[in-house]
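What follows is a set of notes on a single structure, which appears directly below.
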Amino acid sequence: MRDILIMSIVFAAAFAALKRPWIGVMLWTWLSIMNPHRYAFGFAYDAPVAAIAFGATTLGLLMTKERTSPFKNAAVTMFVVFMVWISLSTLFGLDPGDDYWQWNKVMKVDAMILIALVLLHTKKHILALTWISAGSLALLGAKGGLFTLTTGGNFRVWGPPGSFIEDNNEFALSLVMAIPLLRFLQLQLTNRWGRHAMSVTMLMCAVASLGSYSRGALLAMGAMVAFLWWNGKNKLSVGLVLFLAVPLLIAFMPDAWMGRMSTINDYQEDESSMGRIAAWWNAWNIAFHYPLGVGFNAARPELFARFSPYPDMVHAAHSIYFQVLGNHGFIGLFIFLSIWILTWRSAGWLRTQCGKIPEAAWCVDLGAMCQVCLMGYAVGGAFLSLAYFDLPYNVMVMVVLTRVWVQTKGWLREPANLPGWKNIPGMARPILPKPSPVKRYV
């Protein structure tokens with residue numbers, strides 16, 4: 001039954017994408033982030049659902065007239081440069097044939113990001129992408145949070161099998177990054193029960209992240225909370241809530257969880273932490289000897305023997321920065337960082353420039369929450385290998401499209417949306433006559 005349901009949704013959305021290809025982007029995003037087929041037990045598990053979504057979207061793209069240039073922002077330009085650079089790095093790497101499968105996987109993700117920039121351009125599209133991206137993780141987070149609560153946190157929470165976020169650490173960071181996006185969506189809702197449901201969902205995502213036993217995700221969550229508190233307007237009340245709530249959440253976790261988190265201070269005695277340090281030294285030295293990088297696999301015994309002070313601890317980088325550095329060299333890392341710096345600046349532009357535009361009040365919330373999301377990615381990513389995961393690039397798409405929407409006064413060409421079940425939640429949010437420019441995202 002589960003297989004039939006999943007494949008029915010896939011084929012229905014793929015058919016709709018032939019006429020409205022932006023639906024294909026949403027289908028791809030759902031499949032790529034949530035991986036619902038990996039929770040089936042029959043023919044859907046190994047079905048080529050991603051190929052179906054990609055093919056239908058591409059065909060729809062060729063037939064539609066509602067497409068624009070993807071080069072809407074400097075961040076997008078750097079993103080395309082990064083695609084070219086990692087292709088060169090793979091081609092001239094140590095083993096192009098062995099790295100092809102990973103290059104092919106990353107290029108498919110990146111190609112769909114560009115297609116999203118071509119096809120999405122309205123507020124409806126932006127909100128739909130946000131709902132699909134954050135909602136896919138919210139469902140998994142709610143499930144993981146309930147599992148953590150019912151088991152007392154004695155078992156780890158894992159991500160979808162065979163995905164970018166299968167590992168408990170990567171899955172935890174993705175949930176942490178989803179929380180500010182869910183908060184943005186909550187701010188767009190007018191229904192009281194809907195807002196309460198979003199609060200519970202965000203709490204469950206936080207619990208599931210803790211239940212993953214990920215130290216990197218815990219640091220990312222701490223950085224996000226600090227950023228929110230510092231930029232919020234009610235520092236005293238918010239600080240008091242955090243002071244009371246955080247210890248309660250942590251106290252719920254078992255001794256095994258506390259022992260795992262305590263290794264942050266005693267990293268010299270933790271094999272996993274020392275493996276990361278060995279990999280970071282390896283990536284750093286590789287970048288000096290291979291300007292183009294070595295391709296997608298820097299965790300090679302022969303490279304560790306040459307470049308790491310711990311040659312026996314062959315280990316993946318577990319850091320977006322050292323992952324890119326070892327794979328694609330200093331130039332690749334510079335391009336990669338440029339994408340996120342430019343995206344951060346565009347999100348900041350939304351916060352500062354849209355506060356006095358009634359029709360763009362929602363853009364302030366989006367810019368603020370995307371910055372919080374990127375803060376979590378920057379901190380948590382320092383300890384996790386998620387350089388090529390879809391979600392942060394989807395955030396880039398949200399920010400870029402929203403800035404273009406504001407600059408071109410998208411509200412003038414789009415019809416008004418009345419409340420109703422047919423609308424995407426948040427589309428019919430009433431606009432205040434005199435929106436306050438004061439920060440409101442805490």
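Here are some notes:
- Here the relative contact order of the stretch 53-200, from alpha carbon pairs under 8 Å that lie six or more residues apart, stands at 18 percent.
- Pairs spanning more than 30 Å between alpha-carbon atoms, out of LYS65/LYS105; LYS72/LYS124; LYS108/LYS356: LYS108/LYS356.
- Taken as Cα centroids, the stretch 350-396 and the stretch 65-102 sit 22 Å apart, rounded to the nearest whole angstrom.
- For the chain, CYS205, CYS370, CYS373 have no disulfide-compatible partner, since no other Cys C-beta lies under 4.7 Å from theirs.
- Packing-based order for 14-20, 214-220, using average beta carbon neighbours within 10 Å, highest first: 214-220, 14-20
- Surface exposure of the chain, expressed per residue as accessible area with a 1.4 Å probe, stands at 45 Å².
- Springs join every pair of Cα atoms under 10 Å in this Gaussian network model of the chain, and among ALA116, ALA226, ALA178 the largest mean-square fluctuation is at ALA226.
- Global form of the stretch 55-192, assessed from the alpha-carbon gyration tensor, a/c cut-off 1.5: oblate
- Listed values (1) 21.6; (2) 19.2; (3) 24.3, entry calculated as mean projected area of the Cα convex hull in nm²: (1)
- Gap separating the Cα centres of the stretch 126-159 and the stretch 283-330, nearest whole Å: 32
- Computed over the chain with a Gaussian network model linking Cα atoms closer than 10 Å, the most mobile of CYS370, CYS354, CYS205 is CYS354.
- The value of relative contact order for the chain, using C-alpha pairs under 8 Å at least six residues apart, is 20 percent.
- Gyration tensor verdict on the stretch 272-421 (Cα atoms; rounded if a/c is under 1.5, prolate if a/b is larger than b/c, oblate otherwise): prolate
- Cα shape, the stretch 147-210, gyration tensor, a/c 1.5 rule: oblate
- Gaussian network model of the chain, Cα within-10 Å springs - most flexible of ASN104, ASN394, ASN285: ASN104
- Within the accessible area of the chain (1.4 Å probe), percent carbon and sulfur: 68
- When the surface is traced with a 1.4 Å probe over the full set of protein chains, ASP390 keeps roughly 10 Å² accessible.
- Percent RCO, i.e. relative contact order, over the stretch 114-212, from Cα pairs under 8 Å lying at least 6 residues apart: 39
The values are calculated or read from the model by the stated rules, or taken from the named source; none is laboratory data. Model, not experiment: these values are computed from the prediction. Positions of Cβ are generated from backbone atoms using ideal geometry, with glycine treated the same way; all protein chains shown enter the neighbour counts. Remember, those area values only see protein heavy atoms, side chains included, never the ligands or the DNA or RNA. Shrake-Rupley method; radii C 1.70, N 1.55, O 1.52, S 1.80 Å.
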